[in-house]
Amino acid sequence: MSVTNAEIDKLRKEAEKAEKALCSLYADLGAVACTYHKAINVTDSNGVYSDICDVTDERDSVEERINEIKGAVNALSEKDRHLELTNRSMSRIDERLETLISSLGAVATEMYSAGVLPEEFVRYMKPYIEYEKRLKDLEEKAKEDKGNLFSSLKKKKVERHRGSLNSVFSECGKRLYNSSALGQLPGERAEEICKEIFEIKEQKKDFRKNIGETRTDISKTQESLKSMGVLGEEKVTLRDLEERLEGIERELDKLYEQYGRIITPTMEEWLDSLAPEDLKKACNHVTNEIKHIKQQNLNIQYLEIEQQVEGHSSHKAEFDAQISQLESQKALIDRQIAELKSKSDIENRAISDLKQQQVDISIEFRTL
């Protein structure tokens, strides 16, 4: 079966991949071997090793700055989130407090309506007293205008006023809440409400303290970012630093690869059974890949030579066919030449006979 260009191209692509893999393995070896630079002691590697140390220091410096900024940014984000959650909790307990205050006002107004509210609490019922007075006036006017055109309008006013009762409970409750009488209203329901109100007030104190501490922490973190020169530009700065770090890592990989290439030829001088396992493993990977690449190149050369041999054989077959064809043509020409020679001999003999006849005729003429 003949060797095709596709087969050779496939092997070449595989060899290219192997070369790239070898570059990576050289870099891996360099990264490991640098740790044992003094023990390996290859003079030609000293310059590259010095460059590696410089670039490594630069990488560590950039990484440290990135981590410092990220730490501050994450802390600031966490504090902001904590502050937001605390404010939300504050809003929820404020809503609950409003409900409790309104409930306290409702309990007090019920006691007032039932005539059992102690006298010292009556002064906090002013909104309810005014509400009842206004309701009574509206109801009386609605009765007076019963049956005329304004009756339905005044009934609606009565209904609207009744609908404002909850706001009246709230106003009465606020007066009690803001007074020194909070917690003194008699009755089991009032005691339960006031107990929860006092608990919420304590919670709000804790929340306010927590919010204050969080805001202080936020200010400190912002000052830290400001001292770094990145406040307000954290994302841009981090992006620039990370791009710079990527460039440094690429440069470092090239130096590691160069270091690995330099020490590989001298491997037998410094690699022995006592060498660290990670170094031996990296060396084995490199040597195995080099052998693999050599074998691939031999396979490619073999196929190329085989292809050339096949090409030469094909050309020889073409030449042999041409020779055979030429020999056939020569044989034909030789036959034609023989035939022409035979004809020429016959014609020459005929010419000789004619000449002899002419001679004979001439002699006859002379004898006459």
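Nothing in this text is a laboratory measurement; each read-out follows from the coordinates by a stated rule. Not measured: the values here are computed from a predicted model. All Cβ positions, even for glycine, are placed from backbone atoms using ideal geometry, and neighbour counts span all protein chains on display.
Structure above, values below:
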{"read-out": "Count of residues meeting criterion [part of a helix (DSSP H, G or I), over 33 Å from the mean Cα position of the chain (by Cα) and buried (at least 16 other Cβ atoms within 10 Å of the Cβ)] in the range 13-58", "value": "3"}
{"read-out": "Pairs with Cβ under 6 Å, 6+ apart, first in the range 44-64 and without any contact (Cβ under 8 Å) to a residue 24 or more places away in the chain, second polar (S, T, N, Q) and part of a helix (DSSP H, G or I)", "value": "none"}
{"read-out": "Test: residue in the range 76-97 that is free of Cβ contacts under 8 Å to residues at least 24 places away in the same chain, over 30 Å from residue 220 (Cβ atoms) and not aliphatic (A, V, I, L, M)", "value": "yes"}
{"read-out": "Selection within the range 62-88 - crowded, with 16+ Cβ neighbours inside 10 Å and over 30 Å from residue 237 (Cα atoms)", "value": "86"}
{"read-out": "Residue 182 vs. criteria in contact with a helix residue (DSSP H, G or I) (Cβ under 8 Å, 6 or more places away or on another chain), surrounded by 14 or more Cβ atoms within 10 Å (Cβ to Cβ) and under 30 Å from residue 44 (Cα atoms)", "value": "no"}
{"read-out": "Residue 243 closer than 23 Å to residue 65 by Cβ and surrounded by fewer than 18 Cβ atoms within 10 Å (Cβ to Cβ)", "value": "yes"}
{"read-out": "Number of positions in the range 97-127 that are within 60 Å of the chain's Cα centre (by Cα) and under 16 Å from residue 189 (Cα atoms)", "value": "9"}
{"read-out": "Number of the exception - residue 133 against (1) surrounded by 11 or more Cβ atoms within 10 Å (Cβ to Cβ); (2) within 30 Å of residue 182 (Cβ to Cβ); (3) of a type in the set (Lys, Arg)", "value": "(1)"}
{"read-out": "Given (1) over 60 Å from the mean Cα position of the chain (by Cα); (2) surrounded by 10 or more Cβ atoms within 10 Å (Cβ to Cβ); (3) among the charged types (D, E, K, R), index of the condition residue 306 fails", "value": "(1)"}
{"read-out": "Meets criteria (basic (Lys, Arg), part of a helix (DSSP H, G or I) and under 29 Å from residue 47 (Cβ atoms)) for residue 250", "value": "yes"}
